[in-house]
1. Report, by residue number, each residue of segment 101-113 that is charged (D, E, K, R) and surrounded by 13 or more Cβ atoms within 10 Å (Cβ to Cβ).
2. Are there any pairs with C-beta distances below 9 angstrom linking a residue in segment 168-196 that is without any contact (Cβ under 8 Å) to a residue 60 or more places away in the chain to a residue that is loosely packed, with under 12 Cβ neighbours inside 10 Å and not in a helix (DSSP H, G or I), with the two at least 6 apart or on different chains, and if so which?
3. Taking only segment 80-100 into account, find how many residues are open to solvent by less than 50 Å² (accessible area, probe 1.4 Å) and either closer than 20 Å to His63 by Cα or assigned to a helix (DSSP H, G or I) (or both).
4. Kindly indicate whether Pro200 is modelled with pLDDT of 90 or more and out of contact with any Lys or Arg (no Cβ under 7 Å at 6 or more places or on another chain).
5. Just to verify a result, which residue in segment 179-218, among those that are open to solvent by less than 80 Å² (accessible area, probe 1.4 Å) and of a type in the set (Val, Ile, Thr), is nearest to the chain's Cα centre (by Cα)?
6. Could you identify the single residue in Ile170, Ile187 that is outside any loop (DSSP other than H, G, I, E, B), within 30 Å of Leu25 (Cα to Cα), at pLDDT 95 or above and β-branched (Val, Ile, Thr)?
7. Go through segment 114-152 and count every residue that is hydrophobic (A, V, I, L, M, F, W, C), surrounded by fewer than 18 Cβ atoms within 10 Å (Cβ to Cβ) and not in a loop (DSSP other than H, G, I, E, B).
Amino acid sequence: MAFRLFSRRAPAAANPAGGIALRTLLQWHWITSAVCLGGMLLFAITGFTLNHASQIEAKPVIHNQQFPLPKAQAERLQLLAEAEAPPPVLPQETRTWLAGLCRCQVDEAVPEWSADEVYLPMPRPGGDAWLRVSLADQVVEYEVTDRGWLAYFNDLHKGRHTGDAWRWFIDAIAIGSVVFCVTGLLILQKHAGNRPSTWPLFGLGLLLPVLIALLTIH
């Protein structure tokens, strides 16, 4: 019994650096799995829903509102529309007024100017929105299209109209997932000697998508 206990402990004592390396890999592995868990679940589930998007019905809901355009705002915008180089953004006073009127975010909207109207596209995840200021009719029209929560999460998966912060989040999840996979592979290597099926399963995981792509995608 004493010899057996000694024989089991001898490899760890003989190679302390290997034990430290394994503990480091395990630490990075569980940290990245904990940090990236929510993001990986989100992208895995929405990957499935995107793959079956044509089979999942979605009925867009459209809300359209119209408001009168005050004369002072109409005159100010008319002068800007008739300028040789209309400004890339609306005046701050107009943006504040429109945001309060329609309860929408217009600060990042880039206006499209014409002689008789100003059009502001405001795409968003899971739908669309736009605002049109008719200078000729002195009317503000605001329309929102909502395609539902499923479309919203699918657009989050694609980073569609989500802004810089969400794109940084996607990059962080991608980097964390790579670290998670690489550390998992190195941990597999450490234990492969006691698990004969490790490398055949690993090879199958690499070969299967390649075969499917080569044989079925043309």
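The values are calculated or read from the model by the stated rules, or taken from the named source; none is laboratory data. As the structure is a computational prediction, the values presented were derived from the model and not from experiment. Cβ atoms come from the backbone with ideal geometry, glycine included; neighbour counts cover every protein chain shown. To get the accessible areas, we keep the full protein, side chains included, count just its heavy atoms, and leave off ligands, DNA and RNA. Shrake-Rupley method; radii C 1.70, N 1.55, O 1.52, S 1.80 Å.
1. Let us first name the residues in segment 101-113 that are charged (D, E, K, R), namely 103, 107-108, 112.
The answer is Glu112, and nothing else.
2. What qualifies is Leu188/Arg195.
3. Final tally of qualifying residues: 6.
4. Numbers: modelled with pLDDT of 90 or more: yes; out of contact with any Lys or Arg (no Cβ under 7 Å at 6 or more places or on another chain): yes.
Here the answer is yes, as Pro200 does meet what is asked.
5. Within segment 179-218, the match that is nearest to the chain's Cα centre (by Cα) is Val179.
6. Values: Ile187 fails: at pLDDT 95 or above.
Being outside any loop (DSSP other than H, G, I, E, B), within 30 Å of Leu25 (Cα to Cα), at pLDDT 95 or above and β-branched (Val, Ile, Thr) holds for just one of Ile170, Ile187, which is Ile170.
7. Counting residues in segment 114-152 that are hydrophobic (A, V, I, L, M, F, W, C), surrounded by fewer than 18 Cβ atoms within 10 Å (Cβ to Cβ) and not in a loop (DSSP other than H, G, I, E, B) gives 4.
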